[in-house]
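Structure, as structure tokens:
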Amino acid sequence: MTMAMSIAQFTFFSRATSSSFLNRTNARFNRFTFSTPFSTADATCTRKKNGRLPVLSALELGGVKIARDDVVRDDPTNNVPDSIFSKLGMQLHKRNQHPIGILKNAIYEYFDANYSNKFDKFDDLCPLVSVKQNFDDVLVPADHISRSYNDTYYVDSQTVLRCHTSAHQAELLRDGHTHFLVTGDVYRRDSIDSTHYPVFHQVFVASHYLQPPNFFFLGFFLRFWSIHSYTLLLEMQMEGFRVFSPEEWEASGLDGTSYAAGDLKKCLEGLARHLFGAVEMRWIDAYFPFTNPSFELEIYFQEKWMEVLGCGVTEQEILRNNGQLDSVAWAFGLGLERLAMVLFDIPDIRLFWSNDERFTSQVQLIDNFTNKKGMTSHCYRIAYRSMECSLTDEEINELQRKVREQVETKLNVELR
Ligand code: DAH
């Protein structure tokens, strides 16, 4: 298969005080979207019929080498297909240019600035965990539906692909961590048909028939993937955890649980403001086996309330079982794609999951200077690529014209 690509450049001036994340003068992001359809792709492309990735033989995850045979086995308790194995090493959150990586770093910034670097960060913990870690340690009841083979990927009867980052709470507490953030990919198995959409449908990646390219977003050409009856569900999550010792709440006159709940809400509202500025949000009472009370935070986005995180005050039993006898704690788990959708105004969550390196890193800042008048000049190089067809000069010019137009209006910059 040949891939056509063309490179174009454009330069613009912006005031040095702009709050756009392109020049990162403060931590808040400007929201903007480029949605430039590749209108000609349909007519001229020979479409790739099978978008399946080659199956890798081994991966290095969390410092551990994992062979395909460690995950995909000919065993009655194994329900992990090759397509999942090939996603295990994607680690979107470790790519600094990817929306998920940008968001992770922005969240780190918030915690570092507000908690004097007290939060320990883990973003390389192996997604293969024991059933005990994934479920028992966080008090998921023995008969809970999430334990079923239909919902969870089992490597064998005692090992799963983690279905949430909460799976690491207990081990990190036992290791003595009291403030931590865990980022990673989580996996849920579910079916989807025309009448039923899975509850946790954060991300779909189906590996067959590619659709034509659809969106230009921040220089990433990403594409929709069609959905098949059994669909890989993987999501990027971040878990946060904070332990308080009695001195911390006693002076407040509140009981430990109320103190932790108040602190948790303040922390997460601050995080949402750090990322989005004045976004509308609301708290909903929720249930999680590992927290009590439990809440969900929703953000108003595209004329709907969207759930972005679950959180609560950690069950005492978890703290007690892991060496924290007199403490209270809060925890949260947030879906990075969902927050990134709001942040970058992305209309469809599936757009994040492109397996192809050629979709990413398509925008490069190649020149950056500030003149005497305090205007900053940025020159970006954009690689316009299509996996299916050769783009003509006219098509690229048209794309470039739209990009320039949108950059000018949405980023409030002066084109050069
Ligand atoms: N583990 C939950 C999930 O995957 C998210 C979550 C909710 C994490 C509440 C937490 C929490 O730490 O306290 O949906």
**Asked** If you take the residues of the range 157-170 that are surrounded by 18 or more Cβ atoms within 10 Å (Cβ to Cβ) and either away from the ligand (no atom under 14 Å from the Cβ) or over 21 Å from the mean Cα position of the chain (by Cα) (or both), which of them is farthest from PHE290 (Cα to Cα)?
**Response** THR159
**Fill in**
When (1) at pLDDT below 85; (2) surrounded by fewer than 20 Cβ atoms within 10 Å (Cβ to Cβ); (3) among the polar types (S, T, N, Q) are applied to SER354, the one that fails is (2)
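Against the definition (under 19 Å from GLY310 (Cα atoms) and touching a residue at least 60 places away in the same chain (Cβ under 8 Å)), how does GLY184 come out, yes or no? Steps first, please.
Details: under 19 Å from GLY310 (Cα atoms): yes; touching a residue at least 60 places away in the same chain (Cβ under 8 Å): yes.
Answer is yes for this residue.
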**Request:** List every residue pair whose Cβ atoms sit under 9 Å apart, with the two residues 6 or more apart in sequence or on different chains, where the first one lies in the range 308-330 and is of a type in the set (Asp, Glu) and the second, anywhere, is part of a helix (DSSP H, G or I) and within 11 Å of the ligand (Cβ to nearest atom).
**Result:** GLU315/VAL138
**Asked** Restricting attention to the range 258-292, and to residues there that are part of a loop (DSSP other than H, G, I, E, B) and away from the ligand (no atom under 16 Å from the Cβ), which single residue is modelled with the highest pLDDT?
**Response** GLU280
**Request:** Answer yes or no: is there a residue in the range 304-326 that is assigned to a loop (DSSP other than H, G, I, E, B), polar (S, T, N, Q) and modelled with pLDDT of 95 or more.
**Result:** yes
**Item:** Residue ID - surrounded by the fewest Cβ atoms within 10 Å (Cβ to Cβ), chosen from residues in the range 391-416 that are assigned to a helix (DSSP H, G or I) and of a type in the set (Val, Ile, Thr)
**Value:** THR409
**Request:** May I ask you to verify whether GLY256 is surrounded by fewer than 18 Cβ atoms within 10 Å (Cβ to Cβ) and small (Gly, Ala, Ser)?
**Result:** no
**Fill in**
Those residues of the range 237-257 which are touching a Gly at 6+ places or on another chain (Cβ under 9 Å) and within 11 Å of the ligand (Cβ to nearest atom) amount to GLN237, MET238, GLU239, GLY240
**Pair list, Cβ < 9 Å and 6+ apart or interchain, from the range 237-261 residues that are under 13 Å from PRO293 (Cβ atoms) to residues that are among the charged types (D, E, K, R) and within 16 Å of the ligand (Cβ to nearest atom)** = ALA260/ARG242
**Request:** Would you mention how many residues in the range 293-314 are surrounded by fewer than 16 Cβ atoms within 10 Å (Cβ to Cβ) and either among the polar types (S, T, N, Q) or more than 10 Å from the ligand (Cβ to nearest atom) (or both)?
**Result:** 6
**Fill in**
Reported set for the range 128-156 where residues are buried (at least 20 other Cβ atoms within 10 Å of the Cβ) and out of contact with any Lys or Arg (no Cβ under 8 Å at 6 or more places or on another chain) is ASP137, VAL138, TYR154
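The values are calculated or read from the model by the stated rules, or taken from the named source; none is laboratory data. Remember, it's a predicted structure, so these values are computed and weren't measured experimentally. Using ideal geometry, Cβ is built from the backbone for each residue, glycine included, and neighbour counts are taken over all protein chains shown.
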